[in-house]
Amino acid sequence: MQSQLSSSSTSPFGLYIHVPFCATRCGYCDFNTYTPREAGGANPAGYLDALDIELDLAAQRVGRAAETVFIGGGTPSLLGADGLARILTTVRNTFGLADGAEITTESNPESTSPEFFAGIREAGYNRVSLGMQSASQNVLRVLERAHTPGRAFAAAREARAAGFDHVNLDMIYATPTETDDDVAHTLDRVIETDVDHVSAYSLIVEDGTAMARKVRRGEIPAPQEEVMATRYEMIAERLDAAGMEWYEVSNWARPGGECQHNLIYWRDGDWWGAGPGAHSHLDMQRFSNVKHPNRYSALLADGQLPINHVEELDAADRHTELLMLGLRLREGIAYSAVGRGAEGVVKNFVDRGLLHFPRPGRLAITDAGRLLADGIITDILVAEDDAAPASDASTASTEARV
């Protein structure tokens, strides 16, 4: 299967690199990350050696320069400026970087400093995403976040001082025990910090997390949908008033601050995901790497790509992804992409002010429709399925053990 992994598409191409290490595990986190106690001896030095090999092998198969690079995790800033500089040097020497490439790293505020930001800026990073979550100490305590309330904002100012024009703050809302005042205070701090991008996500209690166990035991209440809606409206109103336009349902930016890497995902583009557990999408395939850093490193030491699962996509899969991702964007999708049978559903949503045609031939969600985006998309897909003739087509999926 490895030899079949290549990209012939002319759509934008991005590179995602997953750093699987965290100093501690937050109570709500179900990401593929490992604390020192969980890592089984895996360490950043061994990870970086293995990553060098994967990037080299992957570049030989893809044959395209990266237009965006996004280092996520986990906590990439635990690698320090030198580790992150090494990753970017390897990217340049393998994939290569397109002119004007957007290069982002996530960072935990507590593992950054003015020297850290100066170092990664000198290495070539031009965008930073900081895990703020909240300006409320109580909310951070419930989330089991390690940083203090003011550290994210100080880190954002340090990044700006180091020459970063593009700085994002990640926010989580509807945490149990959170109040309207908590959200309002967080937004005040965000706006006064003058970053150019904010991502705001409602808390999801994932099975298997420490928070899920606390909810099950009745120690904290589960997030409430009506609270999520109210808080979203608060966030949207304040950020819009501060000059940050939404461009995806959960993301706001000042003009020119939109995350180009994430737009590749939402516009159904191509990307290679490197690192333990990372997911990729090339043409008509999705695939993912083995999760544990030790297994990841062992496979690469043997010269094998660490791919665990490959899924072959068909036209129906791509159509579903186009609608599910594209209709969350303010720019929307071409109306011609909507299948037969959904015309009535679309008209109903247009009449209700939840969808509109921002220009001829273009279908998009309205401001009022953002809270209902997932339901709108589902109703359109169901209407298409109901109108489609019976088909034996199915998604092909294979397990590729390498």
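The values are calculated or read from the model by the stated rules, or taken from the named source; none is laboratory data. Computed from a predicted model, the values in this text were never measured in an experiment. Neighbour counts are summed over all protein chains in view; Cβ atoms, including those assigned to glycine, are modelled from backbone coordinates with ideal geometry. Just the protein is used for accessible areas: all its heavy atoms, side chains included, with ligands, DNA and RNA removed. Shrake-Rupley method; radii C 1.70, N 1.55, O 1.52, S 1.80 Å.
DSSP beta bridges confined to the chain are antiparallel in about 45 percent of cases. Rolling a 1.4 Å probe across all protein chains gives Asp207 an accessible area of roughly 140 Å². Note: relative contact order over region 139-293, using C-alpha pairs below 8 Å and six or more positions apart, is 18 percent. Basic side chains Lys and Arg get +1 at the Cβ, acidic Asp and Glu get -1 at the Cβ, and with that the dipole of region 272-353 about its Cα centre reaches some 320 debye.
Based on Cα contacts under 8 Å between residues 6+ apart, region 54-141 shows a relative contact order of 34 percent. Put the Cα centre of region 247-289 next to the Cα centre of region 184-213 and the gap is 20 Å. Would you calculate the separation in nanometres between label points at Arg362 and Asp180, each defined as 7 Å from the Cα along the Cα-to-beta-carbon direction? It is 3.6 nm. Ordering Leu263, Ala253, His279 by the projection of their Cα atoms onto the charge dipole of the chain, which places +1 on the Cβ of Lys and Arg and -1 on the Cβ of Asp and Glu, puts His279 at the extreme positive end.
Applying a 4.7 Å Cβ-Cβ cutoff to the chain leaves Cys22, Cys259 as cysteine residues with no disulfide-compatible partner. Sorting His18, His185 by accessible area puts them as His185, His18; the probe is 1.4 Å, largest comes first, and only protein heavy atoms count. In a reduced charge model with +1 at each Lys and Arg Cβ and -1 at each Asp and Glu Cβ, the chain shows a dipole moment near 620 debye about its Cα centre. Relative to the Cα centre, the charge distribution of region 10-76, modelled as +1 at Lys and Arg Cβ and -1 at Asp and Glu Cβ, gives a dipole magnitude of about 120 debye. Of the residues Asn168, Thr186, Ser199, the one whose Cα sits farthest toward the positive end of the charge dipole of region 146-201, with +1 on the Cβ of Lys and Arg and -1 on the Cβ of Asp and Glu, is Asn168. Solvent-accessible area of Tyr232, all protein chains in place: 10 Å² (probe radius 1.4 Å, heavy atoms, ligands and nucleic acids excluded). A viscosity of 1.002 mPa s and a temperature of 20 °C, combined with the Kirkwood radius over C-alpha pairs in the Stokes-Einstein formula, give region 216-295 a diffusion coefficient of 132 µm²/s. Quick one: pull the percentage of alpha-carbon pairs in region 200-359 with a separation above 20 Å. Summing the P(r) tail past 20 Å for region 200-359 gives 69 percent. Under the simplified labelling scheme, the Glu245-Thr10 pair shows an inter-label distance of 2.7 nm, with each label point 7 Å from Cα along Cα→Cβ.
Classify region 29-112 from the C-alpha gyration tensor, please: rounded if a/c falls under 1.5, else prolate or oblate depending on whether a/b exceeds b/c. Note, shape of region 29-112 comes out prolate. Would you mind checking region 337-373 for residues with the amide N under 13 Å from a putative spin-label position 7 Å along Cα→C-beta of Arg267? Nothing falls inside the zone, counting backbone N under 13 Å.
Average 1/r across all pairs of distinct alpha carbons in region 150-256, invert it, and you get the Kirkwood radius: 14.9 Å. Ordering Ala368, Thr105, Leu355 by Cα displacement along the dipole of the chain toward the positive end leaves Thr105 in first place; charges were set at the Cβ atoms of Lys, Arg (+1) and Asp, Glu (-1). Peptides 19-29, 237-247 ranked from most to least packed by the mean count of surrounding Cβ atoms within 10 Å: 19-29, 237-247.
Ordering of 361-369, 216-224 by packing is 361-369, 216-224, highest average first (other Cβ atoms within 10 Å, averaged per residue). How would region 255-314 be classified by its alpha-carbon gyration tensor: rounded, prolate or oblate, with rounded meaning a/c under 1.5 and the a/b versus b/c comparison settling the rest? Oblate, since a/c reaches 1.5 and b/c is not below a/b.
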